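Structure first, then comments.
The values are calculated or read from the model by the stated rules, or taken from the named source; none is laboratory data. All values reported here derive from a predicted model rather than from experimental measurement. A quick note on method: Cβ atoms are made from the backbone with ideal geometry, for glycine too, and the neighbour counts reach across all protein chains shown. Ligands, DNA and RNA are stripped out before the accessible areas are found, and what is left, the full protein with its side chains, is counted by its heavy atoms. Shrake-Rupley method; radii C 1.70, N 1.55, O 1.52, S 1.80 Å.
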Amino acid sequence: MQNNVLEMDTKIQNFFRNKKVFITGGTGFLGKVFIEKLLRTTDVERIYVLARAKRGTTATDRMAQILKDPLFEKLHTVRSDPMKYIKTIEGDCTLPKLGISPEDRKELIEQVDVVFHCAATVRFNEPLSNATQINVAATRDMLDMAKEMKNLKSFVHVSSAFANCVVIDAEEKFYTQHLGITSDKLLDLKDKLGKIAFDAMEKELVGKYPNTYCYTKSVAEEAVQQVGNSIPICIFRPGIILATSEDPIPGWIDNLYGPNSIVYGCAYGVLRVMYARPNQNAAYVPVDYCANMMMACAWETATTVIQNPPKEPRIYTLVPHKTNELDWGTFKHYAVEHGFKMPLPNMIWYPILLFAETYIGYKLLTLIYHTLPGYLIDFVLLLMGKPTRMTKTYKKIHTQCSMLRYFLAFDFTFDMTNCYNLWDSMSAEDKKIYNFDMSKLDWSRYFYDDLKGMRRFIAKEDPKSIPQGMKMLRIFRTLNFIVHALFIGGMLWLTWSLLKYIFL
């Protein structure tokens with residue numbers, strides 16, 4: 001292959017040379033970026049990707065379609081036919097034993113060298129039975145199969161920095177004492193009770209955890225802990241994963257999860273109020289940094305950890321570096337600053353974002369900036385004979401925001417000792433190719449690229465539409481000023497009228 005990166009022959013590249021890798025969650029956001037990087041920068045022999053048929057499309061056809069995404073354009077210059085290095089394994093994490101056929105299971109056990117378990121449901125309001133099946137049972141099934149693999153050299157389980165969010169100052173260790181139940185017992189309970197009865201026990205089981213996602217991800221970590229030293233395994237805990245920073249293209253994104261929905265909603269002129277504290281840390285990480293660190297974790301687990309196995313699986317956390325932290329106020333500043341440089345032409349109002357630091361303040365501001373305008377717009381639509389939509393939209397937005405309230409109420413901190421040590425152990429060449437040094441990330445540049453990417457990949461807007469967006473921005477800026485002036489004037493007149501009535 002004609003590629004300068006591949007010719008560098010680094011330690012991490014040497015590790016993956018001629019290896020056969022199995023990944024779950026390969027059709028997801030992180031999985032796509034990981035597969036691209038693995039194929040482009042290493043001589044990996046084969047990647048097995050767990051995928052399910054969807055809407056009449058086979059797993060193989062789905063994967064082939066994914067490879068046509070702009071994310072993979074750089075890869076195609078290195079491997080003209082990347083699909084020949086990929087074999088899809090038809091399966092489904094909602095099914096027992098991952099829904100993998102006996103023939104495919106046998107091949108995986110015989111052939112696989114490295115496993116990356118990324119599959120998970122990230123929905124906060126997922127029913128407990130579904131979250132348990134996907135995040136816990138699938139992890140247990142994956143671990144059981146890994147113990148049978150004849151050539152297994154490394155297993156990376158992807159968790160979350162917020163899996164143990166009942167602990168405000170989290171170290172790189174297990175916190176299973178907060179669960180009150182083991183993964184085995186939880187799965188037994190699910191099987192015995194059935195879906196309806198099990199879901200009815202959600203509050204009792206989830207307890208202090210804010211949602212089923214965090215709870216089941218924490219239980220999955222307990223399942224990994226049980227494996228202990230029986231296989232070479234580690235846990236990767238990333239923060240909130242956002243768009244790519246630089247590799248293979250800056251700002252690539254394919255979803256509107258978490259903060260992405262906040263930025264997009266603000267740019268569109270729909271989201272105007274958020275419950276947040278400006279000085280509170282925001283644990284954001286670029287998805288390409290996560291993919292890079294996953295590869296480094298696999299390399300270290302297979303080389304140093306396997307030679308001197310720790311008492312428990314090693315845990316690696318990736319969040320902003322303590323010397324380059326990001327708070328919500330800075331996030332808002334960059335989102336607004338760069339958003340005004342590339343406004344959306346189809347915005348429905350002037351983009352503003354207000355932070356409410358108290359719940360009462362949040363409810364008051366959402367009434368003024370969301371609920372009342374929503375009813376007004378729907379009333380106008382009704383008069384025009386068109387279907388109403390804004391009140392329903394704001395109900396959904398407020399439901400989503402309520403799910404984030406727990407994470408905005410505390411200033412979480414994370415120990416990153418193992419992450420720092422991993423970075424220090426890497427060669428200079430590997431650091432260039434597999435960068436995850438959060439201390440040097442330029443947040444301003446990052447959010448500029450993030451907004452640019454969101455505009456291109458989510459809104460499907462061409463850069464040529466920016467002048468039209470600027471025109472709409474000027475119009476809505478004027479309208480926003482007029483509406484605010486009328487509202488403030490009206491409130492002052494009402495206050496004066498009431499005072500006159502009371503005292504005169």
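Here are the numbers for this structure:
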quantity	calculated
Extension gain (nm, one decimal) between Lys471 and Thr330, 0.36 nm per residue minus Cα-Cα	48.1 nm
Sequence ranges 411-418, 473-480, ranked by mean other-Cβ count within 10 angstrom, highest first	411-418, 473-480
By accessible area with a 1.4 Å probe, ligands and nucleic acids excluded, highest first: order of Lys84, Lys19, Lys217	Lys84, Lys19, Lys217
The range 455-504 versus the range 274-307: alpha-carbon centroid distance in Å	40
Which of Phe236, Phe124, Phe407 is most accessible, then next, and so on - probe 1.4 Å	Phe124, Phe407, Phe236
Portion, in percent, of the accessible area of the chain that falls on carbon or sulfur, probe 1.4 Å	57
Environment charge at Asn260 (Cβ cut-off 11 Å; Lys +1, Arg +1, Asp -1, Glu -1)	-2
In Hz, Karplus ³J(HN,Hα) per residue of the range 411-423 (6.51, -1.76, 1.60; θ = phi - 60°; x = Gly, Pro)	9, 5, 10, 9, 6, 10, 4, 5, 5, 4, 5, 4, 4
FRET efficiency estimate (nearest 0.05) - Cβ-Cβ, Leu256 to Leu486, R0 25 angstrom	0.15
Gain in span if fully extended, Glu246 to Ile109, counting 0.36 nm per residue against the direct Cα distance	45.8 nm
Extension gain from Lys460 to His76, taking 0.36 nm per residue of separation minus the Cα-Cα distance	136.0 nm
Residue-wise HN-Hα coupling along the range 146-160, computed from phi with Karplus coefficients 6.51, -1.76, 1.60 (Hz; x: Gly, Pro)	4, 5, 8, 5, 7, 10, 4, 10, 6, 9, 10, 9, 8, 10, 8
Net charge of neighbours whose Cβ lies under 12 Å from the Cβ of Tyr369, counting Lys and Arg as +1 and Asp and Glu as -1	+2
For the chain, radius of gyration divided by Kirkwood radius, i.e. Rg to Rh on alpha-carbons	1.00
By average C-beta atoms within 10 angstrom, highest first, the peptides 291-301, 175-185	291-301, 175-185
Cβ-based net charge around Lys460, under 15 Å, with every Lys or Arg adding one and every Asp or Glu removing one	0
Leading residue at positive end of dipole, the chain (Cβ point charges), from Val33, Leu376, Met274	Leu376
Antiparallel DSSP beta bridges within the range 45-158, percent to nearest 5	10
Sequence-distant residues sharing a close amide H with Tyr284 (under 5 Å, placed H)	Ile240
For the range 226-334, share of DSSP beta bridges that run antiparallel, in % to the nearest 5	10
Packing-based ranking, highest mean first, of 133-140, 459-466 given that Cβ atoms within 10 Å are counted	133-140, 459-466
The range 46-98 and the range 117-132: distance between their alpha carbon centers, rounded to Å	22
Where a label projected 7 Å from the Cα of Ser101 along Cα→Cβ would reach, residues of the range 108-128 with amide N under 14 Å	108
0 to 90° range, to nearest 10: angle between helix 183-193 axis and the chain longest Cα axis	70
Karplus-derived 3J(HN,Hα), 6.51/-1.76/1.60, for each residue of the range 380-386, Hz, glycine and proline x	5, 4, 5, 5, 7, x, 9
Sequence-distant residues sharing a close amide H with Phe236 (under 5 Å, placed H)	His157, Val158, Ser159, Tyr316
Crossing angle, helix 29-41 versus the chain [Cα axis fit, 0-90 degrees, rounded to tens]	50
Computed accessible area, Asp191, all protein chains, 1.4 angstrom probe, square angstrom	110
Percent antiparallel among DSSP beta bridges (both partners in the chain, rounded to 5)	5
